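Report on the structure given below.
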Amino acid sequence: MFNNSAIPRIDPRRPYVIGPSGLKRIVLGEEVGSREQLQAHGHSKAKPVRSNGPFKQRSLVVIHTDRGALDEAARETLAAAAILATADTEVLALLFGGNADSVAAAGEAGADRVLLCEDGGYTPQRKLALLATVWQRESPSQLCLPDRGADADLGRRFASRHRLAVACDVIEVVPGREVRSLAPAGQFAVQPLPPVLLLARKVADARLPFRGLGSDGGTEQLPLLGERVRDLGSSSCPASQLALEEADLIVSAGNGVQDTAGLRQLAEQMGAAIGASRVAVDDGRFAREQQVGATGKTVQASAYLAFGISGAVQHLQGIKECRHVIAVNLDAAAPIVKRADLTLVEDCQTLIAALNRLLAAERAASSAAAAKPVLETA
Ligand SMILES: Cc1cc2nc3c(=O)[nH]c(=O)nc-3n(C[C@H](O)[C@H](O)[C@H](O)COP(=O)(O)OP(=O)(O)OC[C@H]3O[C@@H](n4cnc5c(N)ncnc54)[C@H](O)[C@@H]3O)c2cc1C
């Protein structure tokens with residue numbers, strides 16, 4: 001089905017592709033298997049705007065940014081809302097913790113207007129109150145959130161507080177009719193389209209052949225309202241005491257690391273938690289609770305430094321949520337290289353020693369500078 005703005009719209013008997021996870025994904029195009037068409041569009045530079053309006057209705061997408069950035073789940077949810085929107089439907093994004101970069105990314109992912117609000121940490125009552133205000137003011141026909149973490153929590157609270165029907169783990173949407181959700185044992189649960197949708201990962205391909213109006217549609221900063229739960233803020237503790245799942249920076253050792261003392265010193269100097277591959281743990285070099293991977297911990301650090309780790313599939317399972325992976329390996333063809341954003345083909349021991357020297361020198365220089373008396377001029 002095509003609308004008069006010449007941008008392909010979703011067909012009620014829409015085409016789909018089976019994604020790598022085995023789930024159907026909402027796509028654009030006329031035929032099953034339109035993946036190539038979609039990919040071609042995804043790489044085009046100047047994408048047309050999906051719709052310039054006028055908008056008569058809107059779909060609201062609420063997202064907690066990942067320290068100001070939109071992750072895959074966020075962009076997929078925005079894309080799903082944009083794919084499902086008709087030409088007179090505005091896709092309105094409410095971003096917690098968003099900034100100018102995430103406004104631009106939201107526009108690329110299909111948002112026509114963006115509301116920004118500080119993240120505010122764990123403040124469920126304030127976020128609920130803000131969402132209720134936005135809901136009342138904008139009267140959206142649909143509320144979409146990624147079905148994960150703080151977004152899913154907010155969506156469930158909102159639906160429950162306002163007695164709205166909600167569908168969780170949604171993997172397919174038939175516009176105006178019904179949604180399908182994942183159910184146990186590979187079954188699908190089908191229900192009439194509710195006002196609140198919590199969308200599963202990979203529900204849509206975030207590479208759209210169009211973009212939303214983004215900042216051209218307007219941005220607005222909203223304040224968080226009163227809170228009954230008091231956020232006492234965060235306190236710091238040594239990285240070594242931090243649960244690996246909560247660590248933002250991880251230095252991880254594999255079988256290629258012999259200088260374990262050097263690695264521990266590096267982690268301490270960098271303020272990083274220590275992870276390890278199963279081989280390094282089995283070998284007794286690291287504790288079992290430091291094992292990362294399928295049979296160890298799943299971590300979601302902003303930066304994961306993999307020293308002497310080959311990148312076996314079981315290890316990669318544990319780091320799939322990490323934002324940046326930096327690998328140090330002698331073998332430029334090791335599987336970790338494909339996953340890594342940056343690879344240093346280097347001997348671990350040499351690099352660890354060099355980094356330790358560099359950090360120690362920097363620390364000495366900054367403490368010397370701090371100790372230097374400040375001369376006051378008359
Ligand atoms: C059921 C099952 C579950 C598993 N679960 C996990 C799991 O949870 N986590 C996990 O990690 N593994 C797990 N494994 C094991 C996994 O398959 C791999 O065997 C393991 O991850 C390999 O660890 P590694 O990369 O440290 O060691 P290796 O495979 O020995 O690789 C060492 C790497 O270091 C590099 N290297 C060597 N010397 C140097 C040097 N001096 N400088 C730089 N690089 C160097 C090598 O080129 C190589 O790439 C599991 C396996 C099975 C069967």
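The values are calculated or read from the model by the stated rules, or taken from the named source; none is laboratory data. Keep in mind the model is a prediction, meaning the values are calculated, not measured. We place every Cβ from the backbone using ideal geometry, glycine too, and count neighbours over all the protein chains shown.
Which residue out of 125, 191, 136 is of a type outside the set (A, V, I, L, M), on the phi < 0 side of the Ramachandran plot and not in a helix (DSSP H, G or I)?
Just one listed residue meets the conditions, 191.
Report yes if some residue within segment 294-302 is more than 25 Å from the chain's Cα centre (by Cα), surrounded by fewer than 22 Cβ atoms within 10 Å (Cβ to Cβ) and not in a strand (DSSP E or B); otherwise report no.
Checked against the condition, which is being more than 25 Å from the chain's Cα centre (by Cα), surrounded by fewer than 22 Cβ atoms within 10 Å (Cβ to Cβ) and not in a strand (DSSP E or B), segment 294-302 yields no hits at all.
Restricting segment 242-273 to residues that are in a helix (DSSP H, G or I) and of a type in the set (Gly, Ala, Ser), which is nearest to the chain's Cα centre (by Cα)?
267
Do the conditions hold for residue 200, that is, is it among the small types (Gly, Ala, Ser), over 29 Å from residue 306 (Cα atoms), crowded, with 18+ Cβ neighbours inside 10 Å and modelled with pLDDT of 80 or more?
Details: among the small types (Gly, Ala, Ser): yes; over 29 Å from residue 306 (Cα atoms): yes; crowded, with 18+ Cβ neighbours inside 10 Å: yes; modelled with pLDDT of 80 or more: yes.
Against the criterion (among the small types (Gly, Ala, Ser), over 29 Å from residue 306 (Cα atoms), crowded, with 18+ Cβ neighbours inside 10 Å and modelled with pLDDT of 80 or more), residue 200 qualifies.
Conditions tested, residue by residue: (1) surrounded by fewer than 18 Cβ atoms within 10 Å (Cβ to Cβ); (2) modelled with pLDDT under 90; (3) not in a strand (DSSP E or B).
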position	(1), (2), (3)
237	yes, yes, yes
240	yes, yes, yes
305	no, no, no
314	yes, no, yes
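Within segment 315-325, which residues are free of Cβ contacts under 8 Å to residues at least 24 places away in the same chain and either over 16 Å from the mean Cα position of the chain (by Cα) or within 6 Å of the ligand (Cβ to nearest atom) (or both)?
Result: 316, single match.
Kindly check whether there is at least one residue in segment 43-63 that is in contact (Cβ under 8 Å) with a residue 40 or more places away in the chain, surrounded by fewer than 22 Cβ atoms within 10 Å (Cβ to Cβ), in contact with a helix residue (DSSP H, G or I) (Cβ under 7 Å, 6 or more places away or on another chain) and not in a helix (DSSP H, G or I).
Yes, because at least one residue in segment 43-63 is in contact (Cβ under 8 Å) with a residue 40 or more places away in the chain, surrounded by fewer than 22 Cβ atoms within 10 Å (Cβ to Cβ), in contact with a helix residue (DSSP H, G or I) (Cβ under 7 Å, 6 or more places away or on another chain) and not in a helix (DSSP H, G or I).
On the given criteria, is residue 327 touching a His at 6+ places or on another chain (Cβ under 6 Å) and under 16 Å from residue 253 (Cβ atoms)? Don't jump to the end; show me each part of the working.
Numbers: touching a His at 6+ places or on another chain (Cβ under 6 Å): no; under 16 Å from residue 253 (Cβ atoms): yes.
The answer is no for residue 327.
Count, please, the residues in segment 286-314 that happen to be free of Cβ contacts under 8 Å to residues at least 40 places away in the same chain and within 8 Å of the ligand (Cβ to nearest atom).
In the first step, residues of segment 286-314 are kept if they are free of Cβ contacts under 8 Å to residues at least 40 places away in the same chain; the result is 286-288, 291, 293-296, 311-314.
Pick out the ones that are also within 8 Å of the ligand (Cβ to nearest atom) and you get 291, 293-296, 311-314.
Going through segment 286-314 one residue at a time, the tally reaches 9.
Go over the candidates 77, 133 one by one and state the one that is buried (at least 19 other Cβ atoms within 10 Å of the Cβ) and either at pLDDT below 95 or out of contact with any Gly (no Cβ under 7 Å at 6 or more places or on another chain) (or both).
Only one candidate passes the filter, namely 77.
When the residues of segment 113-122 are narrowed to those that are in contact with a Leu (Cβ under 7 Å, 6 or more places away or on another chain) and at negative phi, which ends up surrounded by the most Cβ atoms within 10 Å (Cβ to Cβ)? Talk me through it step by step, then tell me what you get.
Going through segment 113-122, the residues in contact with a Leu (Cβ under 7 Å, 6 or more places away or on another chain) turn out to be 113-118, 120.
Cutting the leftovers down to at negative phi gives us 113-118.
Values: 113: 24, 114: 26, 115: 23, 116: 20, 117: 21, 118: 14.
The selected residue is 114.
Could you tell me whether any residue of segment 203-212 is within 30 Å of residue 161 (Cα to Cα), more than 13 Å from the ligand (Cβ to nearest atom) and in contact with a Lys or Arg (Cβ under 9 Å, 6 or more places away or on another chain)? Even if it seems obvious, please write down each step before you answer.
So in segment 203-212, the residues within 30 Å of residue 161 (Cα to Cα) come out as 203-204.
When the remaining residues are screened for being more than 13 Å from the ligand (Cβ to nearest atom), the result is 203-204.
Subsequent filtering for residues that are in contact with a Lys or Arg (Cβ under 9 Å, 6 or more places away or on another chain) retains 203-204.
Checked segment 203-212: at least one residue is within 30 Å of residue 161 (Cα to Cα), more than 13 Å from the ligand (Cβ to nearest atom) and in contact with a Lys or Arg (Cβ under 9 Å, 6 or more places away or on another chain).
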